[in-house]
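The values are calculated or read from the model by the stated rules, or taken from the named source; none is laboratory data. Quick caveat, the model's predicted, so the values are computed rather than measured. All Cβ positions, even for glycine, are placed from backbone atoms using ideal geometry, and neighbour counts span all protein chains on display. For accessibility, only protein heavy atoms count, side chains too; no ligands or nucleic acids. Shrake-Rupley method; radii C 1.70, N 1.55, O 1.52, S 1.80 Å.
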Amino acid sequence: MNTNSLNHLDYYRLPWNLTDNSISWLEPTSKCNLYCEGCYRLNEKDGHKTLDQIKDDLDVFVKLRNADGVSIAGGDPLTHPDIIEIVKEVKKRNMKPIINTNGLALTKELLKDLRKAGVFGFTFHIDSKQTRPHWKNKTELELNELRYKYAKMLYEEGNISCAFNSTVYEDTMKYVPEMVKWAQDNIDKVQVMVFILYRAVNNKDYDFYLGPKKIDMTQLVYNNDPDTRTDIKANEVVELLRKDYPDFDPCAYLNGSEKPDSFKWLLTGRMATKKKIYGYMGRKGMEAVQMFNHLFYNKYLAYAEPKWARRGKTMLLMGTFDRKLRKTFFNFFKNPLNVFKRLHYQSVMIIQPVDYTKDGRQNMCDGCPDITVWNGELVWSCRMEEQLNYGYNLKTYPKDLLN
Ligand code: SF4
């Protein structure tokens, strides 16, 4: 598969950075009611933080980092007894509370209470490598039935942003185009699809060090040397999607901290109805969205209200300065009766976590949106196990370089 088919300079580099970002990542608990194969957090039975500890974390965000939304994650945040108060605390600090959950503990009653508390949206983590009761050994496509259950729940509650994320493994990657098709079929209920490419520790090619001390990575919760690929690239997923959607084209990205032409976060915005995709958001359109939101709300945009996603026709006005939206405009209004039709906007995000360069540097997401708090500091949430175990991020060196 041609992984160099995309040139990062053709797309908009999202302006998200350490102090001014779209999202922050809050971990009120490391406790979870499920097990996921690719999980990078140790499921601690006493993993709940106190409300005061959580408020302290939020105050660190407020002091050090401007953000539109807070992903309330974990573990699974719905296992935390104070989840309602946590949502209120996020909202009180003028950030959008987005609950990142496997959904297992979500009931209609809890959803109503979360809504009253000010929840802005949910990102449901659902994939086939979870030990989910009643859904074991189901394929990604069979899990669309479960995804639909949660999308319908939020839709009926009204105006709560609905996103799904799935970890993509070598043997499940083939389902991505169909999952994107399912999202189009439900474009009135689902605003965002997120695909996170599976990563694990690579002991075959690299050694891990804490200063001069070599570290045995099997001590950590990360998977070690699984017999499956752990280096799938975002470009490959785009190439796969183009087999079903030849015009599929991203609009914006975050590059790697070490490799400028790597796509660590790759965003595609499509303009469609359930039946037809009329086109894609261009780089200028996404730039305008981010800049206007920052100009008027002093925040880069993470999650928009579902009512905005239903205003695709309004977005076509940006066709005046965005070539791809202009093409979409003419596509859509080829049939003048479409003026009475609703055009939706839907995001597809591909996240490519840590990669290693030949000389052992770790290529992180430059402008990481999932930054969390540890000991009053901002750290990468995907590598916080290192802080929790060693107080530092570990360094990697090509195998036997230092022996
Ligand atoms: S650096 Fe890690 S925590 Fe940050 S966005 Fe990338 S994968 Fe997520």
How far, in nm, would the chain grow between GLU156 and SER5 when pulled straight, counting 0.36 nm per residue and subtracting the alpha carbon separation? 50.3 nm
Total charge dipole magnitude, the chain, about the Cα centre, Cβ charges on Lys, Arg, Asp, Glu only, Debye to nearest 20: 1880
Give the accessible area for PHE296 in Å² (nearest 10); use a 1.4 Å probe, count only protein heavy atoms, and leave out ligands, DNA and RNA. 140
Rounded to a whole number, what % of the accessible area of the chain do carbon and sulfur atoms account for, probe 1.4 Å? 53
Take ASP56 and LEU110, extend 7 Å from each Cα along the Cα→Cβ direction, and tell me the distance between the two endpoints in nm. 2.7
By the scheme Lys and Arg +1, Asp and Glu -1, what is the net charge of all other residues having a beta-carbon under 10 Å from that of GLN130? +2
One checks the Cα atoms of segment 208-331 and finds Rg and Dmax, in Å, of 19.6, 62
When only C-alpha pairs under 8 Å and at least 6 residues apart count, what is the relative contact order of segment 224-307, in percent? 19
Report, by chain and number, residues whose modeled amide H sits under 5 Å from the one on LYS299, excluding near sequence neighbours (fewer than 5 apart, same chain). HIS294
Which aspartates and glutamates have a Cα less than 13 Å from the Cα of LYS112, not counting those fewer than 8 places away in the same chain? GLU156, GLU157
Taking 1 over the mean of 1/r across every pair of different Cα atoms in segment 64-146, what Kirkwood radius in Å do you get? 13.8
Max mean-square fluctuation residue, GNM over the chain, Cα-Cα springs under 10 Å, options LEU254, LEU58, LEU106: LEU106
Return the sequence-ordered ³J(HN,Hα) values of segment 12-19 in whole Hz as given by the Karplus equation 6.51 cos²θ - 1.76 cosθ + 1.60 applied to θ = phi - 60°, using x for Gly and Pro. 7, 7, 4, x, 5, 9, 4, 9
For the residue pair LYS358 and ASP400, what label-to-label distance in nm results when each label sits 7 Å from Cα along the Cα-to-beta-carbon direction? 1.8
For LYS92 and ASP205, FRET efficiency with R0 = 35 Å and r from the beta-carbon atoms, rounded to 0.05? 0.15
Over the chain, what is the relative contact order in percent, taking alpha-carbon pairs closer than 8 angstrom and at least six residues apart? 21
Relative to the longest principal Cα axis of the chain, at what angle does helix 234-244 sit, 0 to 90 degrees, rounded to 10? 40
With the other protein chains left in place, how much accessible area per residue, in square angstrom, belongs to segment 216-299 at a 1.4 angstrom probe? 44
Helix 144-157 sits at what angle to the longest principal axis of the chain, using alpha carbons and giving 0 to 90 degrees rounded to 10? 70
Peptide ranges 215-226, 28-39 listed from the most packed, as the mean C-beta count within 10 angstrom indicates: 28-39, 215-226
Roughly how large, in nm² to one decimal, is the mean projection of the convex hull of the alpha-carbon atoms in segment 67-217? 11.8
Hey, rough spin-label estimate for THR19 and GLN219, points 7 angstrom out along Cα→Cβ, what's it come to in nanometres? 3.6
How much accessible area per residue does segment 311-385 have, counting only protein heavy atoms and a probe of 1.4 Å, in square angstrom? 48
Ratio Rg/Rh [Cα only; Rh per Kirkwood] for segment 261-358: 1.03
Could you identify which residue out of GLY69, GLY319, GLY391 has the top mean-square fluctuation in a GNM of the chain using Cα springs shorter than 10 Å? GLY391
Just name one of CYS36, PHE340, MET271: the one whose Cα is farthest towards the positive end of the charge dipole of the chain (beta-carbon charges, Lys/Arg +1, Asp/Glu -1). PHE340
Can you tell me which of PHE321, PHE164, PHE124 moves the most in a GNM of the chain? Springs connect C-alpha atoms under 10 Å apart. PHE321
For THR320 and ASN389 in one chain, what is 0.36 nm times their gap in residues minus the Cα-Cα distance, to one decimal in nm? 19.6 nm
To the nearest 10 Å², what's ASP46's accessible area with a 1.4 Å probe? 120
P(r), alpha carbons of the chain - 20 Å bins starting at zero, rounded %: 27, 61, 12, 0
Amide H contacts under 5 Å for ASP20, placed H, 5+ residues apart: ASN66
List nothing, just return the count: lysine pairs in segment 183-270, 8 or more apart or interchain, with Cα separation under 30 Å. 18
What length, rounded to one decimal in nm, is gained on full extension from TRP308 through to LYS63, with 0.36 nm per residue of separation minus their alpha-carbon distance? 85.2 nm
